[in-house]
1. Scan the stretch 119-141 for residues that are within 18 Å of residue 152 (Cα to Cα), in a helix (DSSP H, G or I) and open to solvent by 50 Å² or more (accessible area, probe 1.4 Å) and jot them down.
2. Among the candidates 39, 55, which residue alone is open to solvent by 70 Å² or more (accessible area, probe 1.4 Å) and at pLDDT 80 or above?
3. Within the stretch 170-181, which residues are crowded, with 16+ Cβ neighbours inside 10 Å and of a type in the set (A, V, I, L, M, F, W, C)?
4. Could you give me the residue pairs with C-beta distances under 8 Å whose first residue belongs to the stretch 83-106 and is within 20 Å of residue 135 (Cα to Cα), whose second residue is modelled with pLDDT of 95 or more and assigned to a loop (DSSP other than H, G, I, E, B) wherever it lies, and which are 6+ apart or on separate chains?
5. Taking the condition at pLDDT 90 or above, more than 30 Å from residue 93 (Cβ to Cβ) and of a type in the set (A, V, I, L, M, F, W, C), does residue 200 pass?
6. Quick one: in the stretch 142-169, of everything that is outside any helix (DSSP H, G or I) and over 10 Å from residue 124 (Cβ atoms), which residue is least open to solvent (accessible area, probe 1.4 Å)?
7. Residues that are open to solvent by 70 Å² or more (accessible area, probe 1.4 Å), outside any loop (DSSP other than H, G, I, E, B), modelled with pLDDT of 70 or more and of a type outside the set (A, V, I, L, M, F, W, C): does the stretch 73-95 have at least one?
8. Can you tell me which residues in the stretch 182-196 are aliphatic (A, V, I, L, M) and open to solvent by 40 Å² or more (accessible area, probe 1.4 Å)?
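The values are calculated or read from the model by the stated rules, or taken from the named source; none is laboratory data. The shown structure was predicted, so the numbers you read here are calculated from the model rather than taken from an experiment. Every residue, glycine among them, receives a Cβ derived from its backbone with ideal geometry; neighbour counts consider all protein chains shown. Remember, those area values only see protein heavy atoms, side chains included, never the ligands or the DNA or RNA. Shrake-Rupley method; radii C 1.70, N 1.55, O 1.52, S 1.80 Å.
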Amino acid sequence: MAKGPQYTDPTDALRLFRVVAWFVPACLTMFTSLWFFMLNKGWISGTAFAVLTILSLPVAIAGAIAIHRAVGSAAVFTVKTIFADGDIPPPPTYPRQDVLIVQGKYAEAADWFRDHLRIEPTDHEARLRLAHLLEMRLTGYDEAERLYLEIRDAEPAASPYQLMRATNGLIDLYRKLGRTGRLKVELARFVERYGRSPLAAGAARELKELKEIDSTSGSRHSPT
C-alpha cells in the first residue's frame, strides 16, 4: 500500500503548513457560525457553545492533516502506477524478437517466441505477440488460431485485456480467411461479452450485415 507523507522532509512540512493555513481558518469560521446559529436558536447552552468553539481548533487541524495525508497517498499511488512500481509488474519485453522483426527476420523471431513459450508457457503476452506475427507476416494461420484459442482456455487465466485481444485476433483472422461461419461466432461472442465497449457496436453491425447477406443469398455457412 502506498504510504503518505511522513513529515521528515521539509517539503512535506511546508505543504502541510499550507494546507493548515488555507483549511483551518475556513473550517473555524464554518464551525463558529454553526455553533452560534445553534446557540441563537436555543439548541445548545452557552457552556456547550464555549466547549464546541474550543474543540473546533483541534478538529480543524486534524482535518487538515487528514486531507494532506490523503492527497499525498493518492499522489504516491499514482506515481507507482504510472511507473509500474511496487506490486505492479512492468509489461514484458522481448528485445531479441523485436530486433529480428525490425530486421525483417520474421521466421527467426517466431522461433524465438516459440522457445520462450516452452520455458514460460504462462506468458500470454508472448503468445499474443507470436500469434499476431504469424498472422501478419508468415501466413501461419492455423498456428495463430491455436495460439489465440489457448489464450481463452489458459491456466492461469489470461487478463480481461488479453482475452479481448485474443478475440479480436480471431475475428481478424477469420475475416482474412473468409471463414464466415467462425467469424459470426466470434462477432456474436464479442458483442455478448463486451457489449458496453465502443468496439461492440462495430462488431454488432458487421454481424448484422453478415446475417443479412446470408438471408439474401440463401447460402448456409458452417463454422469451419
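1. Within the stretch 119-141, 129, 132, 141 qualify.
2. Sole residue among the options that is open to solvent by 70 Å² or more (accessible area, probe 1.4 Å) and at pLDDT 80 or above: 55.
3. Listed by number, the residues that qualify are 170, 171, 173.
4. Filtered contacts from the stretch 83-106: 106/138.
5. No; evaluated as a whole, the condition is false for this residue.
6. 153
7. yes
8. 185, 188, 191
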